[in-house]
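Worksheet: the structure to be examined is printed underneath.
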Amino acid sequence: MAKADIGVIGLAVMGQNLVLNMERNGYQVAVYNRTSAVTDEFMAGAEGKNIVSAYDMQALADAVETPRRVLLMVKAGAAVDAVIDQLKPHLEPGDIIIDGGNSWYKDTERRAAALAEDGINFLGVGVSGGEEGALWGPSIMPGGQPEAYARVQKLFEDIAAKVNGEPCVSYLGPRGAGHYVKMVHNGIEYGVMQAIAEVYDLFRRGLGLSNEEMGEIFARWNKGMLESFLIEITAEIFPQVDDETGQPLVDLILDRAAQKGTGKWTSQDAMDLGYPIPTITQAVESRIISAYKQEREEAAKVLAGPEGRYEGDRDAFIRAAEQALYATEIATYAQGFGLMRLASDEYGYGLSYSEVAKIWRGGCIIRARFLDDIRAAFAEQPDLPNLLLAPHFREQLAGQQEAWRHVVKTGVELGIPVPALSSALAYYDSYRSARLPANLIQAQRDFFGAHTYERLDREGTFHTMWLVPPETPDDEGVEKASEGK
């Protein structure tokens, strides 16, 4: 009996749909799940398909052609380590373990190093697209040994989303490169979702638009420069009616956003590397403050602030919001790509940013029309330090600044929080400022902590005795230079 092309461990919805995707594309798949009843239920629904079941790790290993390829689709964290420990005794040198979950890239680095000692290859693979993407074609972000990727390349290309005939998968780099890119993908996802939510809030509270009107606006936007998966599903959310109450479903959903950690990891790693991603970080903070629902309700009763509706031209504001949202999204992607650039240098990943943009064009949650423009920008200038400097986006944002500033100002005037929109604008303004007020911060640090500072007019580090002695009130301080410190 022919052995399976690949084994899959973990039959939650994503795992099941990837198995069905592989089988539909001509691969025989062996499956295992810790709970046997889940395996039985899945197999019952997959009758007649080229899928075989296994009920222990040895049976799974025996069912897969050698050298083996085994995909783990289990919850990130300790569960991945547990499954690897259970599977490893049944593997041989040259076999490949593929982690397709949302694992932290440092865990992937650690697992790759540990498995290499036993001659087992390890691929950390980001998979984006949700349930439908897994079934019909996700965006796939693999990292690990290039020779291991070569053995799964055709399979990944067959099951991945396609854009203009190109599969949305590409080898990204060694060790944790794939999971790092997936982490940043999710960070960008946080930022874009928060920006969309803020525009919704401005429309709802500021303009008093109905869900039907907002659905029509987002559907229209999805045919223009904002065309993307997140805009598309937002348009589809607004008309959804709750079966029990007959009310718009979005209005019945508790305003407390959950998170699984990937956005937080992105912000934490950016902090560690020293790279600014304010919009992504603000999106994480916004989810955190949303969790304090009871405190917010109490605060709303006692804290003063502006209330009211926008008094200007409503249609003009809607057009401005479209431009502001586009500009914010571009600034958010710029932050994500900038972080990947620094991480690639720091961790030795050798990322190609045009390839990252290419595989994000289809299948994934942050797929968008303008990713073609991002890909073109990095293809033309691979060492582009910041996406904001690409001629296309530089011109786009220059033309949208007035609308962007108007929307942010309106949010401030109406007391409607717009942390993503405003932080993206502040990022843009900071990046284009040849001089920032950090000189005063350095003076303050030197004043209270003797941390020294650098000067514009000469080399070296300096410290000033800032405090004026009481007996000599006219003294202006004494500057002491310490060259070369």
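The values are calculated or read from the model by the stated rules, or taken from the named source; none is laboratory data. This one's a predicted model, so the numbers in the text were calculated from it and none came from an experiment. Note that each Cβ is placed from the backbone with ideal geometry, even for glycine, and that neighbours are counted across all protein chains shown. Remember, those area values only see protein heavy atoms, side chains included, never the ligands or the DNA or RNA. Shrake-Rupley method; radii C 1.70, N 1.55, O 1.52, S 1.80 Å.
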Margin query: Need one word for region 335-459: rounded, prolate or oblate. Basis is the Cα gyration tensor (sqrt eigenvalues a ≥ b ≥ c); a/c below 1.5 gives rounded, then a/b vs b/c decides.
Written below: oblate
Next item on the list: Treat every Asp and Glu Cβ in the chain as -1 and every Lys and Arg Cβ as +1, leave all other atoms uncharged, and give the resulting dipole magnitude about the Cα centre to the nearest 20 debye.
Entry: 540
Notebook entry, point to check: Calculated FRET efficiency, Glu295 and Trp136, Cβ-Cβ r, R0 60 Å, to nearest 0.05?
Noted result: 0.90
Next item on the list: Measure off 7 Å from each Cα along the Cα-to-Cβ vector at Leu456 and Gln268, then give the distance between these two points in nanometres to one decimal.
Entry: 4.0
Check: Quick one: Cα convex hull volume of the chain, Å³ per residue?
Finding: 213
Item checked: Theoretical FRET efficiency, 1/(1+(r/R0)^6), r = Cβ-Cβ of Ser210 and Arg405, R0 30 Å, to 0.05 -> 0.65
Margin query: I want to check the label-to-label distance for Ala44 and Arg110. Put each point 7 Å from Cα in the C-beta direction and report it in nm to one decimal.
Written below: 3.9
Notebook entry, point to check: What length, rounded to one decimal in nm, is gained on full extension from Lys88 through to Arg151, with 0.36 nm per residue of separation minus their alpha-carbon distance?
Noted result: 20.8 nm
Margin query: For the chain, what does the accessible surface come to per residue with a 1.4 Å probe? Please give it in Å².
Written below: 48
Note to self: Once neighbouring chains are kept in place and the probe is 1.4 Å, which whole percent of the accessible area of the chain is contributed by carbon and sulfur?
What the structure shows: 52
Notebook entry, point to check: Shape of region 263-326 from its Cα gyration tensor (a ≥ b ≥ c, root eigenvalues): rounded if a/c is under 1.5, otherwise prolate when a/b > b/c, or oblate?
Noted result: oblate
Margin query: At a 10 angstrom cut-off on C-beta neighbours, averaged per residue, how do the peptides 117-128, 355-366 rank from highest to lowest?
Written below: 355-366, 117-128
Check: What nm value, rounded to one decimal, do you get for the distance between Tyr431 and Ala12 when each label is placed 7 Å out toward the C-beta?
Finding: 3.4
Checklist line | Computed log₁₀ I(q)/I(0) - Debye formula, equal Cα scatterers, no solvent, region 289-338, q 0.21 Å⁻¹ | finding: -0.84
Item checked: DSSP-defined antiparallel bridges as percent of all bridges, the chain, nearest 5 -> 45
Item checked: Contour excess over end-to-end distance, with Cα ends at Leu252 and Ala37 and 0.36 nm allotted per residue -> 73.9 nm
Notebook entry, point to check: What percent do you get for the relative contact order of the chain when only Cα pairs under 8 Å and 6+ apart count?
Noted result: 12
Next item on the list: Would you work out if region 262-415 is rounded, prolate or oblate? Take a ≥ b ≥ c from the square roots of the eigenvalues of the alpha-carbon gyration tensor; rounded if a/c is under 1.5, else prolate when a/b is larger than b/c, oblate otherwise.
Entry: oblate
